[in-house]
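One structure is given here, and the rest of the page talks about it.
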Amino acid sequence: MPNMRSKTKLLKIVILGDSGVGKTSLMERYVNQRFSQQYKATIGADFLSKDIELEDRMANLQIWDTAGQERYQSLGSAFYRGSDACVLVYDVTDLRSFESLETWREEFLAYAANRDPETFPLVVLGNKIDIVDRAKAVPTKRAQQWCAAKGGVPHFETSAAEDINVEAAFQLVATLALKRG
Ligand code: GTP
Ligand code: MG
């Protein structure tokens, strides 16, 4: 490729959050432009890879999708090690999934961020914003306040179903990951 400053940069991004919030759906939407209504629980962890151009260079995003269901969780520190950024997902119609973010964040930082946990690149996504016929369980303001209290973590409301903010969110995640790495 012409005029590329240096070799492709590999960036490892981990998606965490409760079961059913839409982690797999967000990744499928971002990487493959696909969406399925059908729920199939992720078992263990798996990744999809996507090449993007980022600030004048090529980056290979390795996006790791994990299981939200506790009985499938056995990831441990080896899995998180080497992460360059983390995406924390909740479901805007499910308050509990928002309240779980604290635990997901702590678990991730404890394992992955051996240097400067306060500045580790995290992005929070409130997914399923397309569902308007149910009362929104997590007010935008409440999520924003939590993110601000965690040192100014960026927050997006997304829809994997209707492709709202998915590209923008992952673009920012990748940019933050690249800056750190
Ligand atoms: P685990 O693998 O168990 O951790 O779940 P997950 O977080 O990967 O959730 P998944 O992506 O499998 O989505 C769960 C269900 O929510 C599926 O039926 C999806 O079709 C649905 N879903 C995901 N994202 C959206 C969204 O943005 N809007 C709507 N309406 N439904 C969504
Ligand atoms: Mg999944």
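The values are calculated or read from the model by the stated rules, or taken from the named source; none is laboratory data. Values in this document were obtained by computation on a predicted structure and should not be read as measured data. Backbone-built Cβ (ideal geometry, glycine too); neighbour counts: all protein chains shown.
Brief remarks on what is shown
- T24 being in contact with an Asp or Glu (Cβ under 6 Å, 6 or more places away or on another chain), buried (at least 17 other Cβ atoms within 10 Å of the Cβ) and at negative phi: yes
- Residues located in segment 30-46, provided they are at pLDDT below 90, more than 18 Å from S100 (Cβ to Cβ) and surrounded by 13 or more Cβ atoms within 10 Å (Cβ to Cβ): D46
- Qualifying residue in segment 47-60 (condition: surrounded by fewer than 16 Cβ atoms within 10 Å (Cβ to Cβ) and near ligand 2 (Cβ under 8 Å from one of its atoms)): no
- Flag not set for Y80, criterion: hydroxyl-bearing (S, T, Y) and in contact with a Lys or Arg (Cβ under 9 Å, 6 or more places away or on another chain).
- The condition (being surrounded by 15 or more Cβ atoms within 10 Å (Cβ to Cβ), of a type outside the set (G, A, S) and assigned to a loop (DSSP other than H, G, I, E, B)) is satisfied by just one residue among V173, V138, V124, V132: V138.
- Hits in segment 86-145 (condition: at positive phi and at pLDDT below 95): D116
- When Y111 is tested against the conditions (1) surrounded by 16 or more Cβ atoms within 10 Å (Cβ to Cβ); (2) farther than 29 Å from A149 by Cβ; (3) not polar (S, T, N, Q), the lone failure is (2).
- Given (1) at pLDDT 95 or above; (2) in contact with a strand residue (DSSP E or B) (Cβ under 6 Å, 6 or more places away or on another chain); (3) charged (D, E, K, R), index of the condition R5 fails: (1)
- Residue ID - farthest from ligand 2 (Cβ to nearest atom), chosen from residues in segment 7-46 that are touching a residue at least 40 places away in the same chain (Cβ under 8 Å) and of a type in the set (V, I, T): T8
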